[in-house]
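This report concerns only the one structure given below.
The values are calculated or read from the model by the stated rules, or taken from the named source; none is laboratory data. Given the structure is predicted, the values throughout are model-derived calculations rather than measurements. Here the Cβ positions follow ideal geometry from the backbone for every residue, glycine too, while neighbour counts run over all protein chains shown. All accessible areas refer to the heavy atoms of the entire protein, side chains included, with ligands and DNA or RNA removed. Shrake-Rupley method; radii C 1.70, N 1.55, O 1.52, S 1.80 Å.
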Amino acid sequence: MNIKKTLLIWGCVLTSTLSFSQTLHNIMFCDTNDPNIGESVCEDNDRELDEIDDIAGYIGYKVARYVYNGSNCTKSNLMKVVNTIQTQSNDIIVFYYSGHGTHAPGQDNDKFPQMLLNSRYEGDFVPVRLVAEQLDKKPHGLLLILTDCCNNIVNGVRPKSALSQLQSTTIAKSSEAANYKRLFVESKGKIMATGCKLGQTSIALTKGGLFSICFWDKLYAECSQGNNPSWQNILRETTKETMAQASRLPRPEEQEPYFVIDIHSTNGGETTPVPIPTPPTPSNNNNQITTNTPLTNVLATILSQQDVSQRLNMIPQILNSHFPTGGHIVTLGRDLETVVDYEEAATFFRRIASSKKIVRINVIKEETASDGLPYITITEMRTE
């Protein structure tokens, strides 16, 4: 582990200069002492600190670190931080955990794991959901919860990290700074992402947890290469890359990250989040709408336009015609079961209009949600 970033225990909060007005609170718990995955978790520990420092630099926030690794990665320290941390309304809170995780039988309603926190005693385990709920009560702008819960270690596989390929120091480009600000400053709400779905194992590599490697790489790629960054894209690409890397192991594994995004953007003055409605139930046949509607043709027409500006110009009329009071778009994976994205109608159409990789959109169902608005289920076909 990097000597500069070893044990920082309770009461030792490092910040940058006082010229910044907002704070990025970095809460990190890493089980670096574990005999099986400790080496991998050490890598996660160091990279997370580096990434957070870079992000704070891009967005102009000071950093408050609450870092507990080794023997300090405990339930008591975690609950102390969660209960006593002091934040302000525009602050950013990032919670990161790397270590072992588990899940209680019969708790299928909660898709997120319990963190073992350097212990094998069940009474010391803490559900990720509990931490998220407690931190969500604190004043904040964006709350980002990341957990890379590993149950085994796999040697001999080293995915190429985009960060490790850089041959020079990081250069903070103005476009990158704007992208990071859009993601971390202009996004308000809560994001939760964990390394794998229920019943799966998060893979620990010698260079860190597979999920963590993919997440940080995709975050960097989104901010350095694109001009319309979104958390949906980042986590979708993280999921895709994690699954691909896991399938290429000498003994292929199945690892599919799971995430929930509940945020809104303040870019344009919107400050009130849109509540996620209750999806239609299969038995509610009165809400079923025939899929033989003009919407499929509308989507095909947008994608047929090569010019992005022309696509964007089409959106107001489409929203006025098909979603005059709003609507919800749910994107499913190839299995037609896994939800890979949830967006408001306006956000969805802006995203597909800006993307040149989407070649086809299939409308699976058109229904009405509990709030009376259209609830559209789709799949996407993309080029590499």
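Please compute the length gained on full extension between D124 and L336, using 0.36 nm multiplied by the number of residues separating them and subtracting their Cα-Cα distance. Working shown, then result.
Details: separation 212, 0.36 × 212 = 76.32 nm, distance 3.73 nm.
Stretched fully, the D124-L336 segment lengthens by 72.6 nm.
Applying 1/(1 + (r/R0)^6) with R0 = 41 Å to the Cβ-Cβ distance of N90 and R251, what FRET efficiency is obtained, to the nearest 0.05?
0.30
May I ask you to evaluate 6.51 cos²θ - 1.76 cosθ + 1.60, the Karplus curve with θ = phi - 60°, for each residue of the stretch 371-380 and list the ³J(HN,Hα) values in order in whole Hz, giving x for glycine and proline?
8, x, 9, x, 10, 9, 9, 9, 10, 10
Which pairs, out of K218/K357; K75/K197; K111/K190; K188/K356, put more than 19 Å between their alpha-carbon atoms?
Result: K75/K197; K188/K356 exceed 19 Å.
Which loop chymotrypsin sites (Phe, Trp or Tyr not before Pro) in the stretch 85-146, with loop taken from DSSP, have no more than 11 other Cβ atoms within 10 angstrom of their Cβ?
Passing both the DSSP loop test and the Cβ count: Y121.
In whole Hz, what ³J(HN,Hα) sequence does the stretch 190-202 give by Karplus (6.51, -1.76, 1.60; θ = phi - 60°), x for Gly and Pro?
Once rounded to whole Hz, the list reads 9, 10, 10, 9, 10, x, 7, 6, 3, x, 10, 10, 7.
Pop the C-beta distance of T206 and S321 into the FRET formula with R0 = 51 Å and round what comes out to the nearest 0.05.
0.40
In Å², and per residue, what accessible area does the stretch 16-139 have when probed at 1.4 Å with the other protein chains present?
Here the per-residue accessible area is 39 Å².
Within the stretch 348-378, what residues put their amide N at less than 19 Å from the label point 7 Å along the Cα-to-Cβ vector of N297?
Counting only backbone N, you get 360-366.
Given a 1.4 Å probe and every protein chain left where it sits, what share in percent of the accessible area of the stretch 54-122 is carbon and sulfur?
Whole-percent figure for carbon plus sulfur exposure: 43.
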